[in-house]
1. In terms of Cα to Cα distance under 23 Å, which lysines are near enough to Lys264, apart from those fewer than 8 places away along the same chain?
2. Let me check the size of the chain from its C-alpha atoms; what are the radius of gyration and Dmax in Å?
3. Which GluC sites (Glu not before Pro) from the range 13-120 combine a DSSP loop assignment with at most 16 other Cβ atoms within 10 Å?
4. Please enumerate, by chain and number, the lysines with C-alpha under 26 Å from the C-alpha of Lys46, excluding those fewer than 8 residues away in the same chain.
5. Using DSSP to call loops (not H, G, I, E or B), can you name the GluC sites (Glu not before Pro) in the range 117-201 whose Cβ has at most 13 other Cβ atoms within 10 angstrom?
6. Translational D (Stokes-Einstein, µm²/s) of the range 163-230 at 37 °C and 0.692 mPa s when Rh comes from the Kirkwood sum over C-alpha pairs?
7. Between Ser24, Ser219, Ser88, where does the largest GNM mean-square fluctuation fall for the chain, given springs only between Cα atoms within less than 10 Å?
8. Calculate for the chain the 222 nm mean residue ellipticity that helices alone would give, adding -39,500 (n - 2.57) per DSSP H run of length 4 or more and normalising by residue count, nearest 500 deg cm²/dmol.
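Please treat every number below as a calculation from the coordinates, not as lab data. Everything numeric here is computed off the predicted structure, so don't read it as measured data. Positions of Cβ are generated from backbone atoms using ideal geometry, with glycine treated the same way; all protein chains shown enter the neighbour counts.
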Amino acid sequence: MNTLNTTALVIDCRARTLVTFVASVTEAQEGNTSQLVLRHALDLGKFDTLLASSEAEVYEGGGVTRTRRVFRAEMPVILMGQYSARSSAGHVTVVAPGRFGYGGDEASDGHRQVTVVGGLGGPLSKKGLRVLGVPISATLVRGPVVIAELPGAGNSNCASADAAMAGVRLLANTDRKSVFLAEGQSDTTYVVRLRSAGETGTETRFPTEHRSEMFARASIIRRMLSGQEYRSRVRGSSSGAAPTEEQVQAGVKFRLERYCAFRKEGAQEPWRQLGRGFEYLNGLDEAATELLAELSAGESAESETTPRAESVGSNPDDFVEVE
C-alpha cells in the first residue's frame, strides 16, 4: 500500500550545522520513486534547536531521572547527503542498513534510499527551479518519524568517539528499522536515531513533477554532463576562459560515447566515464543511449545546414553546478 505525501522535513547533512527545512516534494518522473525534486518551503533552523524543543525530564525508575530529547515529525524525513571535512576529522554520517548493501525496503523497514535530482530555494537553488549539477544521495524515513537523541559519554575523548561510531554501525546491523545520524569530530560523537512510526507495509509516494520536460531522465543527465564539462574546461584553460556551447556539447558527446563503450565491454563502474554523481541515478543506461542518439542526430542535421555563428559561452549560469 502506498501513502501519498506532498511534504517532508529535510535535514541537510552536508554540513555540521545540520540545517533543517520543510519542503514540498515531487517524484521527478512518473512511477520513479527514487528520484525526487524538493522545493524549499520553510526554514526550521538548526537540527539541534529543533530537537531541543522536545527536551524533558523522564523518570526511568530506581530513583533515576534522565533528560531526554525526543521529537516526533508528523511527516516523512529526508536526510540529505553527508559531510567529511578535508582538513580535520569533522563529519556528518548517516548510517542505515541500506548503506551496507541491503538496499533499504521501506515497506518492512520504514526507510529507503532516494536521490535529490532537482530543487528550488533554500540551500538547493537561489535562481529558480533547476536540475542539480550533482545529485544528492539521501535517505527517506517514512512518516511519522520519532527522532531520539541517544545518550553518550558527553566528554572529549578520541577513543570514546571511535567506540561510539562502532556502536552506531553495530546498531544499524541489528536494528534494520532505524536510521542513525552521527555528527562529530575526532574526539566527540553525537548520535540520533530516526525510526518510522508509520504503518508497516506502506511506502511513501509523492506527486509526479509537473515540469516533466525538465526532469526527464535524459534531460537530467544532459544538465549534469553540461555543467561538469563546462567546469572541467574552465579549470583546464590557462586563461580561465569560458568554453563555447559547441565545445561543451562535443565534450558531453565524448563522455557518453566512452560510457557506452565501457558498458558494452562489461567494465566495472562505467558511470565514472560520465562524471560525478551518476552512480545515484536509476535508468542511466536508457537515458544515456537516448541522449547520445539525440546529439548524434543533431550533428547530422546541423551538418546539412549553414554553420551557425560560434557561441562565446556568455551564459555560464546555464552550466554551473548546484552542489
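1. Partners within reach: Lys253.
2. When restricted to the Cα atoms of the chain, Rg and Dmax are 22.3, 87 Å.
3. Glu30, Glu74
4. Reachable lysines: Lys126, Lys127, Lys177.
5. Those that pass, being in a loop and sparsely packed, are Glu199.
6. Rounded, D is 202 µm²/s.
7. So, out of Ser24, Ser219, Ser88, the one fluctuating most is Ser88.
8. Estimated from H runs of four or more residues: -9000 deg cm²/dmol.
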